[in-house]
Structure formats: structure tokens, C-alpha cells
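The values are calculated or read from the model by the stated rules, or taken from the named source; none is laboratory data. Everything numeric here is computed off the predicted structure, so don't read it as measured data. Note that each Cβ is placed from the backbone with ideal geometry, even for glycine, and that neighbours are counted across all protein chains shown. Heads up: the accessible areas ignore ligands, DNA and RNA and are worked out on the full protein's heavy atoms, side chains in. Shrake-Rupley method; radii C 1.70, N 1.55, O 1.52, S 1.80 Å.
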Amino acid sequence: MTHASRIAADENPPARAGEPVALVENPQGRSPILLICEHASNHLPARYGTLGLGPAELESHIAWDPGALGVAKELSRLLDAPLIHATVSRLVLDLNREPSAPDSIWTLSERTVIPGNVDIDGIERETRIREVYEAFHDAVDAFADARKAAGQLSAVVSIHSFTPVYRDVPRPWHIGLIYNRDERFARSVEAGLKTDPALIVGMNEPYSPADRVFHTLERHAEGRGLAPLMIEIRNDLIRTQDGQASWANRLAPLLREGARTL
């Protein structure tokens with residue numbers, strides 16, 4: 001199979017009937033890297049309406065990681081790597097948070113109140129956890145376990161983007177590499193990026209595991225003894241297809257080489 005396929009749509013009913021929460025691209029890819037893009041989509045399933053937000057807010061970084069999916073898809077093609085990405089906005093539930101954490105369902109993102117998330121009850125929270133969080137992560141678990149059992153998996157890389165200015169504070173980095181105890185993959189990619197003196201590379205910037213942004217990699221990489229790496233690219237650099245392709249072409253050989261050393 002080379003096209004996107006639905007994952008666990010029957011076992012884990014998604015947020016809307018017939019709508020998968022997780023999609024896999026290139027499931028038979030030969031790379032030992034599994035790519036994940038949790039914040040790939042700004043889509044809100046019909047049952048949530050607009051959560052009280054306007055079109056501009058739903059296009060902004062509070063709803064998704066602009067450009068991240070385009071980079072991830074191009075990396076999947078260049079590396080021949082499987083990619084699993086979400087189809088539901090993080091405004092419904094942030095897949096990169098522990099589901100019990102208060103900020104797994106945001107009521108305030110940067111300076112924007114999300115009216116549809118204010119004062120939700122326990123039943124609604126549990127519904128979102130089951131239909132979004134569990135459906136997505138159970139699907140990743142099943143795929144990763146099968147790849148590891150077949151000896152086809154050594155690393156998990158999650159692809160994100162970040163806004164150039166957050167709460168009025170400029171962020172100078174072009175790219176950030178986020179890592180925890182296992183630094184091998186991050187340091188290998190860092191070395192390759194720093195051959196370009198024009199690049200500003202953040203190590204555990206603009207986020208670090210201390211910000212609780214490493215949940216997906218804790219569960220799917222560290223939990224399996226696999227090398228983890230979270231990549232954050234400044235979103236003004238990947239707004240266009242050309243920008244996404246440029247960054248994917250820059251990163252692909254570095255990821256390929258890093259995976260060889262694991």
C-alpha cells in the first residue's frame with residue numbers, strides 16, 4: 001500500500017462517523033524512521049462546530065502547526081518512511097499532552113479564549129479522550145509495535161512548527177531540535193544543520209521536555225527503547241509548498257544519516 005489508509009476506524013470510533021482520527025501514509029516504507037505529525041490539521045469535526053472561534057483563529061497556530069504536514073509528507077517521500085498524522089485540530093484535544101492534563105483541552109491558547117472548551121463536563125472530556133486521544137495513540141501503538149517486531153523501526157521523529165512571535169516575544173530560531181535523555185539523534189542532526197552558518201538552531205528551543213511537549217515521543221519512542229527526536233520549524237519558513245519542500249530536502253539526508261548511526 002502506498003496511499004493513505006485508515007487506521008483503527010472500526011475499533012476506535014472517530015470524532016465523526018466514518019472519519020478517521022489517524023491516517024498513515026506510506027505504511028510499507030523501508031526507512032527505520034517512523035514520522036508522526038500530531039498537529040497536522042485544523043479540522044473540527046461537525047459535532048464541535050467552530051468551538052466559538054472565527055475563520056482567522058481557526059487558520060492560526062492555535063488550531064494546528066501550519067506547514068508541518070507538508071514537511072512531514074515530503075520527508076515521508078524522500079526517506080521512504082511511514083508517516084502517521086492526525087486529522088483533527090488540537091483545539092478538540094492536544095494529542096501531544098497527557099489526556100489527564102488540564103491543558104490537553106485548551107480553554108485559553110496564547111491570548112485566545114476557546115469558548116467551546118470552557119466548562120465542558122467530565123463526560124465530554126472522556127468522550128474526546130476516547131474518540132480522539134485513544135483512537136490516535138492506540139493506532140500509533142499498533143503500527144509501531146508491528147514495525148519493531150519486524151525489525152523495521154529504530155527511531156520516531158515528530159514534526160511540528162512554531163510561531164515566530166509568541167506573546168509579543170520574537171523567536172529567532174529557524175529550527176528547534178527537542179530531545180530528552182537520549183540525545184543521539186538530535187546531536188547528529190544538529191551537526192549537519194550547523195554546517196550552514198546562516199541557520200539559527202535551537203537545542204531544546206523554543207520548547208523542551210520541561211514544557212511537557214514530549215508526550216508523544218515518551219510514549220512511542222522512549223517507551224520502546226527507540227531514538228526520539230522532535231523537530232520544530234518556524235512556521236513562516238514553511239507556509240508555502242516551496243518552503244516545505246526546501247526544509248524537507250535539507251532535513252532528509254541528515255535524518256537518514258542519523259538513523260544509520262543508531
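Calculate how large, on average over all directions, the projected area of the Cα convex hull of segment 51-97 is; give the answer in nm² to one decimal.
The Cα convex hull of segment 51-97, projected and averaged over all directions, gives 3.8 nm².
Select from segment 170-204 those trypsin sites (Lys or Arg not before Pro) which occupy a DSSP coil region and have at most 16 other Cβ atoms within 10 Å, ordered by residue number.
Sparse-neighbourhood loop trypsin sites (Lys or Arg not before Pro): Arg181, Lys194.
What is the percent carbon and sulfur in the accessible area of the chain, measuring with a 1.4 Å probe over the protein chains and ignoring ligands?
So the carbon and sulfur contribution to the accessible surface is 51 percent.
Subtract the Cα-Cα distance of Val165 and Asp121 from 0.36 nm times their separation in residues, and report this length gain in nm to one decimal.
Result: 12.5 nm gained on full extension.
For the chain, what does -39500 (n - 2.57) per DSSP helix run (n ≥ 4), summed and divided by total residues, give at 222 nm, in deg cm²/dmol to the nearest 500?
Helices in the chain give a 222 nm mean residue ellipticity of -8500 deg cm²/dmol.
Convert each backbone phi in segment 95-112 into a coupling constant with the Karplus relation 6.51 cos²θ - 1.76 cosθ + 1.60 (shift: θ = phi - 60°), then list the ³J(HN,Hα) values in order as whole Hz, x for Gly and Pro.
For segment 95-112, the Karplus curve yields 5, 9, 10, 4, x, 7, 6, x, 8, 6, 10, 6, 9, 9, 10, 6, 10, 9 Hz.
Could you pull out every whole DSSP H run in the chain that spans at least 18 Å of Cα extent along its own axis and averages -1.0 or higher on the Kyte-Doolittle scale?
Within the chain the helices that satisfy the rule are 135-149, 241-260.
Quick one: which residues, 5 or more positions from Ser31 or on another chain, have an amide H under 5 Å from its amide H? H modelled 1.01 Å from N in the peptide plane, none for Pro or chain starts.
Those qualifying (amide H under 5 Å, at least 5 residues apart or on another chain) are Ala81.
Per residue, how large is the accessible surface of segment 179-222? Use a 1.4 angstrom probe and give square angstrom.
48 Å²
Got the relative contact order for the chain handy, in percent, Cα pairs under 8 Å and 6 or more residues apart?
Taking the mean separation of contacting Cα pairs over the length of the chain, I get 24 percent.
Can you give the local net charge around Pro164? Use residues other than it whose beta-carbon is closer than 9 angstrom to its beta-carbon, Lys and Arg +1, Asp and Glu -1.
In short, +1.
If you keep only loop residues by DSSP, which trypsin sites (Lys or Arg not before Pro) in segment 34-119 have at most 15 other Cβ atoms within 10 Å of their Cβ?
Arg111
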